[in-house]
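What follows is a set of notes on a single structure, which appears directly below.
The values are calculated or read from the model by the stated rules, or taken from the named source; none is laboratory data. Keep in mind it's a predicted model, so treat the numbers as computed, not measured. Using ideal geometry, Cβ is built from the backbone for each residue, glycine included, and neighbour counts are taken over all protein chains shown. For the accessible areas, the whole protein counts, side chains as well, though only heavy atoms, and no ligand, DNA or RNA atoms are used. Shrake-Rupley method; radii C 1.70, N 1.55, O 1.52, S 1.80 Å.
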Amino acid sequence: MMIHSRNDRRPPSGPKRRRTPVGSALAALAVLVATGCTSGAPALAPGTNSIRDVPVKQGGSLVIGAEQEPDCADWISTCAGSIWGTYLMQAQTIPQVFKVVQQGNTWVPVASDLMAATPTTSVADGRQTITYTLNPAAVWSDGQPITSADLKYTALQIRDGKDVFTQTGYDLIDSVATPDPRTAVVTLKSPYANWRQLFGADYGVLPAHLLDGKDRNALMKNGYTFSGGPWKIASWVRGTSVTLVPNERYWGPKPHLDKVTFQFTTDTAAEFQAFASGQLDALYPTPQLDVLSQINSLGGSANMQVETRTGNLQALWMNNSTFPFDSPAVRQALAYSIDRGAIVHKLFGSLGVAAPAQSFLSPLVSAFASEDFAGYRRDPAKVQQIMTAAGWAKNGDGIWAKDGRAAQFTIVSLAGNQSRELTEQILQSQLRQAGFKMTIKNTSAANLFGKVAPAGDFQLGLWTLTDTFPEPTLDATLASTSIPGAVEGSSGINFIRAKIPGLDELLGRVRTEVDETARIQASRQAEKLIAESVPSLPLGAVPNILLTGKGVGGPISINPVQGPFWNLAEWGLAK
């Protein structure tokens, strides 16, 4: 997942880790609604998925709006937490073993063209072996072949590194054998149900011949010149843009365009104005309350696609190690203070999301989810009961207090994001009525996901986690072993510092159990523990919206796992 940061779960406006009809206002705008649900990993269940396929001409350029600027481009490092870094650069330049593609009405992981054949796996004596055979045509942009040494280098950098976004899965690696340049054999200490994620969307494969023995972070963090994908990074002008040009040595289909520029436009109103004026050819905006009115104002100049069953899960993230959320009673009382249904309906109801999320698992992995958070509804009497029983009493300002400390705290989210700011204002009002004082102090995506959240330097956060593969990975977000620095040299994205008794064992079973029924059962048991502890509070699934101008062509659709620009090489200027 990414948040939109990254995880196995990453945030869209946080780190990397549901459906109703869309209204007539969207239909009038020729909206194409793409749906894709899940009935179990690794495939997403059948749905309908509309693709706007417009013939393109060769050459030309596009300028696309980007809501976030990543902090760095060293994809292994904790500084690469923003999912937008993946969208803009990583997915375009770093080869992956598996990609998620549409087959009929289903999104499934399939071996990429980096592989000569689908990787094979077997389990014996409690250990899992995975064999990768590389495509002999696969080369880096300098003409050097992509070899088994690259897989080994990448795996060990993640497994043994000290500044790693998440080591989930890679921490199980016992050895990586390279019997020849085209074959890598990875042996895991125990079975890993999510093994297809290895060398996938979160990290991909990096060039050993350029990075081994050198300072990887220094060479990559500000952009890099190598590529194993269809595009190369031509430039990254901090605060302004990222520009891509075709990788002439890419062994697959070459891009139609001569250049794509991602223009950083972090202010929602400004990006819509730039799109309306023709300065931007495409947008992937965070859904806003007034998104329909803004799109209506564009008239017939825009095409829009909406995907409501996504990998995006927006939540309130409570730092369990910091006052006042180190108190289970306060966390539980906060959950009874908020009308989540009203917030979600106000923000996303017009886009087909009408109910709050009742799990920290996104819609893409809903087969593993339960509805245990459904019991948390706004209930002032319940708040009074919980806080009083825990020894809190309201002070003269009507704020809960205990031992001379008031239940007041600061929330952090993305500055300039109208949807987040509106959510914060609603929360501020609802929480004040319940006896809590919340102040707002927002920041940039780079600062939030690259520094503040990993360091635990916050009390309450509002961001979205994005699943980057159709597999459950709550262990990366909520296992105590995923707290950054929990063990010397360890990393992870349990930014809220949650420690729930019994949870690590259950999430470990979800991670390693190969029997699907047993795996789902363990996941739902974990869900129950999570809801009882209330380490944080899920708000809702965030729909994806892609806007493209009439001059943009190609097979355009939202990949609910890999994002809107997953097939950017196929985009072009409409004929």
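I'd like to know if region 406-420 contains one or more residues that are open to solvent by 50 Å² or more (accessible area, probe 1.4 Å), modelled with pLDDT of 95 or more and touching a Gly at 6+ places or on another chain (Cβ under 9 Å).
No: region 406-420 contains no residue that is open to solvent by 50 Å² or more (accessible area, probe 1.4 Å), modelled with pLDDT of 95 or more and touching a Gly at 6+ places or on another chain (Cβ under 9 Å).
Identify, please: which residue in region 192-220 is among the basic types (Lys, Arg) and modelled with pLDDT of 95 or more and is, among those, nearest to Gly563 (Cα to Cα)?
Applying the filter and picking the extreme gives Arg216.
Contact list please: Cβ distance under 6 Å, first residue in region 376-390 and of a type in the set (Asp, Glu), second residue assigned to a loop (DSSP other than H, G, I, E, B), pairs at least six apart or on different chains.
Pairs that qualify, where the first residue is of a type in the set (Asp, Glu) and the partner is assigned to a loop (DSSP other than H, G, I, E, B), are Asp379/Tyr336.
Among the residues of region 226-250, which ones are open to solvent by 20 Å² or more (accessible area, probe 1.4 Å), at negative phi and not in a strand (DSSP E or B)?
Correct list: Pro230, Arg238, Thr240, Glu248, Arg249, Tyr250.
Looking only at residues that are open to solvent by 30 Å² or more (accessible area, probe 1.4 Å) and of a type in the set (A, V, I, L, M) in region 174-214, which one is nearest to Asp515 (Cα to Cα)?
Val185
In region 120-176, which residue that is more than 20 Å from Ala80 (Cβ to Cβ), acidic (Asp, Glu) and not in a strand (DSSP E or B) is nearest to the chain's Cα centre (by Cα)?
By that ranking, first place goes to Asp142.
With the condition kept exactly as written, say whether any residue in region 17-30 is in contact with a helix residue (DSSP H, G or I) (Cβ under 6 Å, 6 or more places away or on another chain), at pLDDT below 90, part of a helix (DSSP H, G or I) and surrounded by fewer than 22 Cβ atoms within 10 Å (Cβ to Cβ).
Checking region 17-30: at least one residue is in contact with a helix residue (DSSP H, G or I) (Cβ under 6 Å, 6 or more places away or on another chain), at pLDDT below 90, part of a helix (DSSP H, G or I) and surrounded by fewer than 22 Cβ atoms within 10 Å (Cβ to Cβ).
Have a look at Leu219, Leu211 and point out the one that is farther than 23 Å from Pro181 by Cα and either touching a helix residue (DSSP H, G or I) at 6+ places or on another chain (Cβ under 8 Å) or of a type in the set (Lys, Arg) (or both).
Leu219
From the residues in region 312-329 that are open to solvent by 10 Å² or more (accessible area, probe 1.4 Å) and in a loop (DSSP other than H, G, I, E, B), which one is farthest from Pro484 (Cα to Cα)?
The extreme case among them is Ser327.
So in region 251-277, with the set limited to residues that are of a type in the set (Phe, Trp, Tyr) and not in a loop (DSSP other than H, G, I, E, B), which one is nearest to Gly59 (Cα to Cα)?
That would be Phe262.
Among the residues of region 330-368, how many are open to solvent by 20 Å² or more (accessible area, probe 1.4 Å) and either modelled with pLDDT of 90 or more or in contact with an Asp or Glu (Cβ under 7 Å, 6 or more places away or on another chain) (or both)?
Matching residues across region 330-368 total 8.
For residues that are surrounded by fewer than 22 Cβ atoms within 10 Å (Cβ to Cβ) and within 22 Å of Ile233 (Cβ to Cβ), scanning just region 113-139, find the one that is modelled with the highest pLDDT.
Checking each candidate, the answer is Val139.
Residue check: is Leu44 over 30 Å from Gln157 (Cα atoms), at pLDDT below 85 and not basic (Lys, Arg)?
Yes.
Quick one: Gln384 ticks every box in (1) under 35 Å from the mean Cα position of the chain (by Cα); (2) surrounded by 17 or more Cβ atoms within 10 Å (Cβ to Cβ) bar one, so which box is it?
It fails just one condition, (1).
Could you list all residues from region 431-445 that are open to solvent by less than 20 Å² (accessible area, probe 1.4 Å) and assigned to a helix (DSSP H, G or I)?
Leu431, Ala434, Ala445
Starting from region 356-370, keep only residues that are farther than 19 Å from Ala522 by Cβ, then list their pairs with residues that are open to solvent by less than 10 Å² (accessible area, probe 1.4 Å) and polar (S, T, N, Q) whose Cβ atoms are within a distance under 9 Å, requiring at least 6 positions of separation or different chains.
Short answer, once both residue conditions are applied: Ala357/Gln314; Pro363/Thr308; Pro363/Thr310; Pro363/Asn312.
Is it the case, given these coordinates, that Val100 is aliphatic (A, V, I, L, M), under 30 Å from Glu513 (Cβ atoms) and open to solvent by 20 Å² or more (accessible area, probe 1.4 Å)?
no
Of the conditions (1) surrounded by fewer than 21 Cβ atoms within 10 Å (Cβ to Cβ); (2) modelled with pLDDT under 95, Arg377 fails just one. Which one is it?
Of everything listed in (1) surrounded by fewer than 21 Cβ atoms within 10 Å (Cβ to Cβ); (2) modelled with pLDDT under 95, Arg377 misses just condition (2).
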